[in-house]
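Participant: Here it is: the structure, laid out below.
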Amino acid sequence: MLRLIERLIASLRWRYCLLAKGGRIVVDGKLLDANTPLISRSTFKFMLTGNYEVAERRLLTYMLDAGHICRGDRVLEAGGGLGVLTMNIADIVGDDAIVVFEANPRTAEALQVNLALNGHAIKVETRALVADVNADIAFADLIEADAGFGGCSTHRIESGVATITVPAEALAEALRRIDPTVLVIDVEGAEHDLLASVRDWRRLRSIHMEVHPDVLPAPKIAAMLRRLAEDGFRVVESPVSDINVMLFSRTACDAGNVAQRARP
């Protein structure tokens, strides 16, 4: 009973804060519609304190300062969420130079609302990125389970978890179609399978990635890092303190060497 009362008080406090702010919150200069069940209490707290996606935003700033992203780059973002990082990327490369994939239709709708609130016209594709063929795929939807949009993933499907079916596209096909130079990926544990599926990285030179050790076991993470190294991507040391938010980079020479080794 005490736990139930504590949860009720926390819920009322959360709703009061939301009402006091008119249902909208500013994060890193970006206006967000927070009047949605997509946002868990923990995420809302991060927003109120300015710590929402702070490591991801700091890494993007470092990438800009160090030349790993700039005007003229083309970006594919896998997992747009509420769009804070998306809009920061667009501020660098331009709205027409970024394509965002968001698998959950409700999250994609909230993302588009936030983009419009801030005057952005960014292409959002409501589909999942997958490792193999283009087809519909099961997707865990944990929004009603108090996990919010951040708990939704193709790799969080367990017994008793609500699922929806969403359209999908193979990452390799998306890379071929969009031809990005920068990949930003936050896919709640699907990163190992996605990155392992790519044989041709084309012009891609930088990867901004959040790794999810709560979903991926250590051996899979190690295998993913080895595979990226074999494809010419080196880990770039950055001032970001979160070890799970990582930057990988390769030069044109690195890409050429990989292609040379792949020839029969």
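Participant: Name the long-range amide H neighbours of THR163: under 5 Å, sequence gap of 5 or more, or other chain; modelled H, no Pro or chain starts.
Facilitator: ASP141
Participant: Let me ask something else. Could you calculate the FRET efficiency of ASP33 with ALA138 from 1/(1 + (r/R0)^6), where r is the beta carbon distance between them and R0 is 35 Å, rounded to 0.05?
Facilitator: On the way: r = 28 Å, r/R0 = 0.80.
Computed FRET efficiency for ASP33 and ALA138 comes out at 0.80.
Participant: Separate question: Roughly how many nanometres apart are two label points built 7 Å out from the Cα toward the Cβ at VAL215 and ALA196?
Facilitator: The two pseudo-label positions are separated by 1.5 nm.
Participant: So what is the relative contact order for segment 24-262, in percent, with contacts set as C-alpha pairs under 8 Å and at least six apart?
Facilitator: On the way: 450 pairs, mean separation 43.0, N = 239.
Reported as a whole number, the value is 18 percent.
Participant: Stretched out fully, how many nm does the piece from CYS70 to LEU48 gain, at 0.36 nm a residue minus the Cα gap? If you can, show how the numbers build up before the last one.
Facilitator: On the way: separation 22, 0.36 × 22 = 7.92 nm, distance 2.96 nm.
Result: 5.0 nm gained on full extension.
Participant: Oh, and also: For a paramagnetic label modelled at 7 Å from the Cα of ALA116 toward its Cβ, which residues of segment 75-109 fall within the zone defined by backbone nitrogen distances under 13 Å?
Facilitator: Taking a point 7 Å out along Cα→Cβ of ALA116, the residues of segment 75-109 whose backbone N falls under 13 Å are 109.
Participant: Sort all Cα-Cα distances of segment 24-262 into consecutive 10 angstrom bins from zero, then give the percent of pairs in each bin up to the one containing the longest distance.
Facilitator: For segment 24-262, the pair-distance distribution reads 7, 33, 40, 17, 2, 0.
Participant: Order the peptides 222-229, 234-241 from the highest to the lowest mean number of other Cβ atoms within 10 Å of their residues. List each step's numbers first, then the result.
Facilitator: Numbers: 222-229: 15.0, 234-241: 13.4.
My ranking of the peptides, most packed first, is 222-229, 234-241.
Participant: Work through the residues other than VAL93 whose Cβ is under 9 Å from its Cβ and net out their charges, Lys, Arg +1 and Asp, Glu -1.
Facilitator: Numbers: positive: ARG71, ARG74; negative: ASP73, ASP91, ASP95, ASP96.
Taking every other residue near VAL93 into account, the sum is -2.
Participant: Cut-off under 13 Å on the C-alpha distance; same-chain residues fewer than 8 positions from LYS45 excluded. Which aspartates and glutamates are left, in chain and number order?
Facilitator: In chain and number order, the partners are GLU53.
Participant: Between ALA128 and residues 5 or more places away or on another chain, which pairs have amide H atoms under 5 Å apart, with H built 1.01 Å from N, and which residues are they?
Facilitator: Here the answer is ALA168, GLU169, since their amide H atoms fall under 5 Å of that of ALA128.
Participant: Could you list the trypsin sites (Lys or Arg not before Pro) in segment 164-204 that lie in coil according to DSSP, counting only those with at most 16 other Cβ atoms within 10 Å of their Cβ? Don't skip to the answer; put the middle values down first.
Facilitator: Values: sites: ARG176, ARG177, ARG199, ARG202, ARG203; in loops: ARG199, ARG202, ARG203.
Passing both the DSSP loop test and the Cβ count: ARG199, ARG202, ARG203.
Participant: Please give the contour-minus-distance gain from ARG177 to VAL26: 0.36 nm per residue of separation, less the Cα-Cα distance, rounded to one decimal in nm. Before the final figure, lay out the partial values.
Facilitator: On the way: separation 151, 0.36 × 151 = 54.36 nm, distance 3.40 nm.
So the extension gain works out to 51.0 nm.
Participant: Would you please give the FRET efficiency between ARG41 and ILE164, computed as 1/(1 + (r/R0)^6) with r the Cβ-Cβ distance and R0 = 25 Å, to the nearest 0.05?
Facilitator: On the way: r = 23 Å, r/R0 = 0.91.
About 0.65, to the nearest 0.05.
The numbers here are math on the coordinates, done by the rules we state, and not lab data. Just so it is clear, the structure is predicted and the values come from calculations on it, not from any experiment. All Cβ positions, even for glycine, are placed from backbone atoms using ideal geometry, and neighbour counts span all protein chains on display.
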